[in-house]
1. Has the range 20-43 got at least one residue that is of a type in the set (D, E, K, R), in contact (Cβ under 8 Å) with a residue 12 or more places away in the chain and crowded, with 19+ Cβ neighbours inside 10 Å?
2. Give the residue that is farthest from G62 (Cα to Cα), with candidates limited to residues of the range 72-101 that are in a loop (DSSP other than H, G, I, E, B) and aliphatic (A, V, I, L, M).
3. Give me the residue from the range 44-54 that is buried (at least 16 other Cβ atoms within 10 Å of the Cβ) and of a type in the set (A, V, I, L, M) and, out of that set, nearest to I164 (Cα to Cα).
4. List the pairs whose first member sits in the range 159-182 and is in contact (Cβ under 8 Å) with a residue 40 or more places away in the chain and assigned to a helix (DSSP H, G or I), whose second member is of a type in the set (S, T, Y) and surrounded by fewer than 13 Cβ atoms within 10 Å (Cβ to Cβ), and whose Cβ atoms are under 6 Å apart, counting only residues at least 6 apart or on separate chains?
5. Report, by residue number, each residue of the range 134-155 that is in a helix (DSSP H, G or I), crowded, with 17+ Cβ neighbours inside 10 Å and among the aliphatic types (A, V, I, L, M).
6. Out of S100, S11, I need the residue that is among the polar types (S, T, N, Q), without any contact (Cβ under 8 Å) to a residue 40 or more places away in the chain and either over 21 Å from L156 (Cβ atoms) or surrounded by 15 or more Cβ atoms within 10 Å (Cβ to Cβ) (or both). Which one?
7. One residue is enough: does the range 189-200 have a residue meeting the conditions part of a helix (DSSP H, G or I), at pLDDT 85 or above and over 21 Å from P96 (Cα atoms)?
8. Condition first: of a type outside the set (S, T, Y) and either in a helix (DSSP H, G or I) or over 20 Å from the mean Cα position of the chain (by Cα) (or both). Now tell me which residues in the range 121-133 satisfy that.
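The values are calculated or read from the model by the stated rules, or taken from the named source; none is laboratory data. What you see is a predicted model, and the numbers here were worked out from it, not measured in a lab. Cβ placement follows ideal geometry from the backbone for every residue including glycine, while neighbour counts extend to all protein chains displayed.
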Amino acid sequence: MKKLLFHITYSFGNFANTIAYQVFGNRIQFYYVDILGLNAATAGIIWTIYGIWNTINDPLMGQVTDRTRTRMGRRVPYVFFGAIPLGLSFFFLWTPPGKSPWMLAAYFLIMLFIFDTIYSLTIIAYNALFPEIARTVKDRVQLSAVREILATIALLLSYIAAPILSETVGFIWMGAIMGGFISLGYLISMIGVKEDKSLIKDDDNVGIKAALKIVLSSIPFRWFVVANLTKEYVFLILG
């Protein structure tokens, strides 16, 4: 029972991640283009620039966590101390200062970079803890099931509650409420989590340049980059 409770609290990180990813993915384009009036072609260019960063920031953030050494471990600090900044950056996505076209575009691009960087750092650190949280196959099956249950609840909130909130109290309050869920979920997920420092080996580290070389030499990754940029290009064409 104690282990199940621990799995439930840890799985709240998946709850937070699902809300952040789904609400962002499903509402942000509509908000900036249809509600705030950002030019669709400009939005397409912004998404293309963002897409390039999004393809390389994951290995970079993975390197950052791998090379971190603290009393709390390598991963826990980024989830615990990243929870509130992530929720705040999500909230600020919905609070652009004024409606000047250039200011709106600049703010959107800057906040995309800030949000995505914190999001990547937090979710990579969170997911990297999974093998330590669940050491056996049985534990991993149970933990995966609990994670999916909470992700499903978060999915319902993202697709049902977020649109209702944006229509009734506005996008800013929706961002504040959902941002609160994101921060709270990640904070709950770190209750009782302690990293096994014996698993940390300094000689396992690969330098950032070497890691990027490995990633960029991967044929599947190159196809992923092409697909991701194509998706962003579609936004530009549709604009």
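1. Yes, the conditions are met somewhere in the range 20-43.
2. Per the criteria, the residue is L93.
3. The selected residue is I46.
4. The qualifying pairs are I172/T95.
5. Across the range 134-155, the qualifying residues are L143, V146, L150, A151, A154.
6. Step by step, each of S100, S11 is checked, and only S100 is among the polar types (S, T, N, Q), without any contact (Cβ under 8 Å) to a residue 40 or more places away in the chain and either over 21 Å from L156 (Cβ atoms) or surrounded by 15 or more Cβ atoms within 10 Å (Cβ to Cβ) (or both).
7. Taking every residue of the range 189-200 in turn, at least one turns out to be part of a helix (DSSP H, G or I), at pLDDT 85 or above and over 21 Å from P96 (Cα atoms).
8. The answer is L121, I123, I124, A125, N127, A128, F130, P131, E132, I133.
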